[in-house]
């Protein structure tokens, strides 16, 4: 018999999959679904202890003796507080103690309902990982439980805390087996033995359609180009991945509006940070790969496409070396598909996107391209980029603030290189103080796309009908920048060539070109493009 609650089934199934086979159980009603399910599992050895303070130390001693993780399960309220001394000891002894606390639904905390107090994060800095596990979000619950169980023995190991709010009724039991669950594993390069290497390669051998997806990074390893060519990995990396050898750097111009499953890989290996393309994200989330490995220097669990199965912890080169040396060749046709020529954008005499494309085409080799967030970074991904250009953007949290200041700080540190910033109007007005820093950079060139509003909102359903969201302003940057930069303002196609020449010039003065464009124009061009492709 097991609890009818899916989140409890998920928890117990993952405990077994991660080798947590010992549990100390404390009595209570709120935790009864967890206790009853664990007690019914032949693969889990259970001990019952009434006093939670004692139970924590019983679990601690058992874990030390077994040299393996032990769970301690308590009900809600003050019960969980009684574990604090044992958790503190486990933290400093680096003992893998899995604390599982049941809880009231969040809405009832502080409402004079019995046995309630704020339990999430109650152990603060004395646990290696802590999470509130949602009762009604299967993917999120699976990821959080996997993260906690991985952290028990990660590096030096230590205690972790999972808090499960459970709603009534919670005494329902069903005659059933535990369901299959997605297990996320972690492989550490520095600890990988021959058996683990062989297991990785065996897994690859039965997954012929292989993609390496590169998120934002300074510069991927040159080993990657050799691996991709010899072993038939499709390499996808947008401009912000700085991977000139990628088979596809502009996925939005290659994928259709609703790409079918044939575009999705059997094995997806990701490395780096942010990915911009919504089409690519939709493809990988709608048609998930059979296996998704993410390379992370610190072993962080990043499940961007809801399909993560393995974290490869360590330097990426160690894994590229392994794959290049041993992996069998993959599906050449699949890789060729990603090498197809992108669909060109519709022709237009004058638009923000057109100006971006023409500036990118003329960038001198060795220069640095800085991109503002929202429209600017997305427009840039639609056009080819000359070789030898480094691309950077504040994609950590994708905020529009600080792009001018960041580009100035970067350009100051590299006075021998030309730096180009493409930015939107709301972004540059947000960072007017950055202009004071930018005017000190004679090697900085700024193209401002001023369409008098947040143009990105025209691409979002319903947003174009709400002017307040788009924040129209009717301002020009010329009043602020005219005395600080070599400036030009353009509003039509005939004016653009001279402004472009100024942007690409080598004059020893910072340059700013304000390109005034029609509100909603670029969004309409993109809509036409996406409807026809």
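Among residues belonging to segment 284-328 that are assigned to a loop (DSSP other than H, G, I, E, B) and closer than 15 Å to residue 224 by Cα, point out the one that is modelled with the lowest pLDDT. Even if it seems obvious, please write down each step before you answer.
Step one: of segment 284-328, the residues assigned to a loop (DSSP other than H, G, I, E, B) are 287-290, 297-309, 314-315, 327-328.
Filter again for closer than 15 Å to residue 224 by Cα, leaving 315, 327.
Values: 315: 91, 327: 74.
In this case the residue turns out to be 327.
Every residue, every condition in (1) more than 30 Å from residue 416 (Cβ to Cβ); (2) surrounded by fewer than 19 Cβ atoms within 10 Å (Cβ to Cβ); (3) modelled with pLDDT of 90 or more, yes or no:
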residue: 331; (1), (2), (3): yes, yes, yes
residue: 336; (1), (2), (3): yes, yes, yes
residue: 348; (1), (2), (3): yes, yes, no
residue: 353; (1), (2), (3): yes, no, yes
residue: 356; (1), (2), (3): no, no, yes
residue: 371; (1), (2), (3): no, no, yes
residue: 374; (1), (2), (3): yes, no, no
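Please note which helices (runs of 4 or more DSSP H) are completely contained in segment 342-441 and include at least 2 residues that are farther than 26 Å from residue 527 by Cα and assigned by TED's automatic domain parsing to the domain that holds residue 493. Outline the logic, then answer.
Values: elements: 352-362, 375-380, 403-413, 425-430, 432-438.
Those helices (runs of 4 or more DSSP H) span 403-413, 425-430, 432-438.
For residue 199, work out the one condition from (1) in a loop (DSSP other than H, G, I, E, B); (2) surrounded by fewer than 19 Cβ atoms within 10 Å (Cβ to Cβ); (3) free of Cβ contacts under 8 Å to residues at least 60 places away in the same chain; (4) out of contact with any helix residue (DSSP H, G or I) (no Cβ under 6 Å at 6 or more places or on another chain) it doesn't fulfil.
(1)
Can residue 102 be described as buried (at least 20 other Cβ atoms within 10 Å of the Cβ), touching a helix residue (DSSP H, G or I) at 6+ places or on another chain (Cβ under 7 Å) and either assigned by TED's automatic domain parsing to the domain that holds residue 32 or in contact (Cβ under 8 Å) with a residue 40 or more places away in the chain (or both)?
Numbers: buried (at least 20 other Cβ atoms within 10 Å of the Cβ): yes; touching a helix residue (DSSP H, G or I) at 6+ places or on another chain (Cβ under 7 Å): yes; either assigned by TED's automatic domain parsing to the domain that holds residue 32 or in contact (Cβ under 8 Å) with a residue 40 or more places away in the chain (or both): yes.
It is true that residue 102 is buried (at least 20 other Cβ atoms within 10 Å of the Cβ), touching a helix residue (DSSP H, G or I) at 6+ places or on another chain (Cβ under 7 Å) and either assigned by TED's automatic domain parsing to the domain that holds residue 32 or in contact (Cβ under 8 Å) with a residue 40 or more places away in the chain (or both).
Which residue, of 20, 87, 80, is more than 20 Å from residue 170 (Cβ to Cβ), in the same structural domain as residue 165 (by TED's automatic domain parsing), under 34 Å from the mean Cα position of the chain (by Cα) and in a helix (DSSP H, G or I)?
One residue alone meets the criteria, 87.
Select from segment 105-125 the residues that are in contact with a strand residue (DSSP E or B) (Cβ under 6 Å, 6 or more places away or on another chain) and surrounded by 19 or more Cβ atoms within 10 Å (Cβ to Cβ) and write down the one among them that is nearest to residue 78 (Cα to Cα).
Only one residue fits best here, namely 119.
Just a yes or no: is a residue in segment 105-127 in the same structural domain as residue 18 (by TED's automatic domain parsing), assigned to a helix (DSSP H, G or I) and under 24 Å from residue 36 (Cβ atoms)?
Going residue by residue through segment 105-127, those that are in the same structural domain as residue 18 (by TED's automatic domain parsing) are 105-127.
Still in the running and assigned to a helix (DSSP H, G or I): 106-108, 124-126.
Applying the additional criterion that residues be under 24 Å from residue 36 (Cβ atoms) yields 106, 108.
Scanning segment 105-127, I find at least one residue that is in the same structural domain as residue 18 (by TED's automatic domain parsing), assigned to a helix (DSSP H, G or I) and under 24 Å from residue 36 (Cβ atoms), so the answer is yes.
State all residues of segment 68-81 that are crowded, with 17+ Cβ neighbours inside 10 Å and either free of Cβ contacts under 8 Å to residues at least 40 places away in the same chain or in contact with a helix residue (DSSP H, G or I) (Cβ under 7 Å, 6 or more places away or on another chain) (or both); if no residue qualifies, say none.
Within segment 68-81, 69, 70, 71, 72, 73, 74, 79 qualify.
Going by the conditions given, is residue 57 outside any loop (DSSP other than H, G, I, E, B), in contact (Cβ under 8 Å) with a residue 12 or more places away in the chain, under 21 Å from residue 149 (Cβ atoms) and out of contact with any strand residue (DSSP E or B) (no Cβ under 8 Å at 6 or more places or on another chain)? Give the derivation first.
Details: outside any loop (DSSP other than H, G, I, E, B): yes; in contact (Cβ under 8 Å) with a residue 12 or more places away in the chain: yes; under 21 Å from residue 149 (Cβ atoms): no; out of contact with any strand residue (DSSP E or B) (no Cβ under 8 Å at 6 or more places or on another chain): yes.
No, not satisfied.
Would you confirm, using the coordinates I've provided, whether residue 389 is under 21 Å from residue 276 (Cβ atoms), surrounded by fewer than 20 Cβ atoms within 10 Å (Cβ to Cβ) and at pLDDT 95 or above? Steps first, please.
Values: under 21 Å from residue 276 (Cβ atoms): yes; surrounded by fewer than 20 Cβ atoms within 10 Å (Cβ to Cβ): yes; at pLDDT 95 or above: yes.
Yes, satisfied.
Just give me the residues in segment 208-241 being more than 15 Å from residue 322 (Cβ to Cβ) and touching a strand residue (DSSP E or B) at 6+ places or on another chain (Cβ under 6 Å), in sequence order.
Selection gives 211, 213, 214, 220, 234, 235, 236, 237, 239, 240, 241.
Quick check on segment 240-268: of everything there that is outside any loop (DSSP other than H, G, I, E, B) and farther than 26 Å from residue 371 by Cα, which residue is farthest from the chain's Cα centre (by Cα)?
The residue in question is 262.
Which of the residues belonging to segment 1-17 are surrounded by fewer than 20 Cβ atoms within 10 Å (Cβ to Cβ) and in a helix (DSSP H, G or I)?
First, pick out the residues of segment 1-17 that are surrounded by fewer than 20 Cβ atoms within 10 Å (Cβ to Cβ): 1, 4, 6, 16-17.
Once the filter is applied, which keeps residues that are surrounded by fewer than 20 Cβ atoms within 10 Å (Cβ to Cβ) and in a helix (DSSP H, G or I), segment 1-17 yields 6, 16, 17.
The values are calculated or read from the model by the stated rules, or taken from the named source; none is laboratory data. Bear in mind that the values here come from a model prediction, so they are computed numbers and not experimental data. So basically every Cβ, Gly included, is an ideal-geometry build from the backbone, and we count neighbours across all protein chains shown.
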